[in-house]
Each structure stands twice: as structure tokens, then as C-alpha cells.
Amino acid sequence: MNEMQQKVENCYKQLREKTDFIPRVALILGSGLGALADELEAEAVVPYSEIEGFPVSTVAGHKGRFVFGKIGKTPVVIMQGRVHYYEGYAMSDVVLPTRLMRRMGAEVLFLTNAAGGVSRKVSPGDLMLLTDQISTFVPSPLIGENVEEWGTRFPSMDTIYDKKLRELIQETAKECQIPLQEGIYLQTTGPNYESPAEVRMISSLGADAVGMSTAVEAVAAVHMGMRVCGISCITNMAGGSSEQPLSHEEVSAIADRTAPLFQKLVTQVIEKMI
Ligand code: HPA
């Protein structure tokens, strides 16, 4: 067993001492979107800090715990707060939680994040369904020895965001009368926001939104054969296109405001997943 696999197994063993819950869906909640997990009737809660060897998030507004429970009839594991590359962890550690949730049994990964809008398709307060992504600006989480039990050395990224799940999300949004844009997400390392010149570059590459997470988790999940879907909450236009310099507080405030719609959509979609 290689070092990374051992690390995942070690975390898995510790988790299994705390709960025997088997999730079907893994949901990662981004900045300001964590409230969904508070409303769930949890069957188990495990703070990341109680799992030795697990990367702990240090970002304000990220709680840092696994919440296990059912949304409708669907058993889910929710990450209330994720780990980011800019916190200084190796990329293999950034995706360790994703690998761990797969190890617990999750077949679907539902990714969410707060993101800056880049194209004219999106405005602050919008929800954007991810159709594809650009992860070229961050190291691949698959660098290093390949673990064959997880997946193949050279996995295809033809369809990162599962078509059926995308349809389900679009249908559900229509039923709930929740406006939902679609677009391409680009991941940067962060933690700094983008300069106006960088935003022009990102826009010219065809991305609609930019953020500091998600794409590498999607790559690791696809590597392990999970079905992946994702929604961005557009909290601002990227690169200081507003009067005031962009701040984490602004991002969190808009995420808070959009949270009720976001929660409704995510909940309804997950209920239908089983
Ligand atoms: N850039 C990068 N990440 C973000 C942004 C942004 O403008 N807003 C929220 N997350």
C-alpha cells in the first residue's frame, strides 16, 4: 500500500470507530453554504480535528466537520468546510477527504463553492451549474504513484460533470423556479483574488467563473469512478469589477444571502438521487 492509500485507510479506520453510516452521496459545502448541514437531523457528526492525519481547514466560515444523515431517503455525508490548496497542504491531502468519502461508500460527489463571476452569463447572487472545468493552473491531485485500486493512471476527463445529474439538477431547478445558469469553472491556487488582467485571461480561456477549490476534487472523484456534479454560488464579479476592493466578508455575505435558494435546490436534488 502506498503512503497516500495508507493515510486514507488510517482515517477510514478512525471514522469507522465513530460511525458505521454508509453514505450514497458525498456533499461538499463551500464558503457560506454550510448552514444546510446544521438543518439536517444528523445521525453522526465527526469534527475533522478528531481524525488524526486528516487535513484541517483553517478558513473563517468553514466549520470543519463531517455530518452524516439522510436527506429524504438518501444517505449523505456532508463536509461542512473543505480543505484548500492555499492552506499549504499537498494536493493529495486536499483530495484526501474526497477519497475518504468514496472509501465510506459514496458513489456521487456533489460539489459546491462560492465563486467569482467572469463571463456575462453570470451575476452576483446567481447559482451556476458546472458543465466543465479548467484545472490547468493547479497541480493535478493524481501526481505521484497511481493507486490502481482507486483508478487508472491516465483517466479520461471527457465528462467530468455527469450528464444525467446535470439534467436532474436543471429539472429540479425548473420545478422549484430557481434560476440556474450553466458554465465552466476555473480553479486557481488562491488565496489572493484575481487581478483584472488575470480575469481577462481567464475569460479569454472560456471560463465563466473562478474559484479556489472544486476542480481537483472533481478530478480525484472521476479518477475513482464517482459520478460528479457541482454548483457555484456566484458571490461577486471577479477581479474588482465593483467599486470596493473584493473581500472575504463580501463573498461570505452574498453566499449567506443566496444560501436559502441554494439549500432548497441541493436538498431537492439529493432527495431524488436515490
Ligand atoms: N475569485 C476567486 N475565488 C472566489 C471569488 C473570486 O472572485 N469569489 C469567491 N471565491
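Checking every one of the trypsin sites (Lys or Arg not before Pro) in the stretch 1-80 against DSSP loop status and a limit of 14 other Cβ atoms within 10 Å picks out Lys73. For GluC sites (Glu not before Pro), the sites in the stretch 208-255 that DSSP calls loop and that have at most 14 other Cβ atoms within 10 Å are Glu243. Quick one: pull the percentage of alpha-carbon pairs in the stretch 117-274 with a separation above 21 Å. Tail of P(r) above 21 Å: 49 percent of Cα pairs. Fully extending the segment from Lys272 to Thr131, taken as 0.36 nm per residue of separation minus the present Cα-Cα distance, adds 48.8 nm.
Within straight-line reach of Lys13, meaning a Cα separation under 28 Å, sit the following lysines at least 8 residues removed in sequence or on another chain: Lys63, Lys70, Lys73. Our estimate of slack between Thr189 and Glu3, defined as 0.36 nm per intervening residue step minus the Cα-Cα distance, is 64.5 nm.
A Förster radius of 30 Å combined with the Cβ-Cβ distance from Glu52 to Glu107 puts the calculated FRET efficiency at roughly 0.65. Dimensions of the stretch 185-244 along the principal axes, based on C-alpha atoms and rounded to the nearest Å, stand at 43, 20, 20, largest first.
With θ taken as phi - 60° and the Karplus curve 6.51 cos²θ - 1.76 cosθ + 1.60 applied, the whole-hertz 3J(HN,Hα) list for the stretch 17-31 is 6, 9, 7, 9, 4, 10, x, 9, 10, 10, 10, 9, 9, x, 3 Hz, x standing for glycine and proline. Volume of the convex hull of the chain (Cα atoms only), normalised per residue: 116 Å³. The share of Cα pairs per 10 Å bin across the stretch 1-143, counted from zero up to the longest distance, runs 11, 40, 36, 12, 1 percent. Note on Arg120 and Arg200: their simple-model spin labels are 1.7 nm apart, each label 7 Å out from Cα toward Cβ.
With the simple spin-label model, which puts each label point 7 Å out from Cα in the Cβ direction, the Arg153 to Ala90 separation comes to 2.0 nm.
Here, each number is a calculation from the coordinates, and none is a lab measurement. Remember, it's a predicted structure, so these values are computed and weren't measured experimentally. Cβ coordinates were reconstructed from backbone atoms using ideal geometry, including for glycine residues, and neighbour counts include every protein chain displayed.
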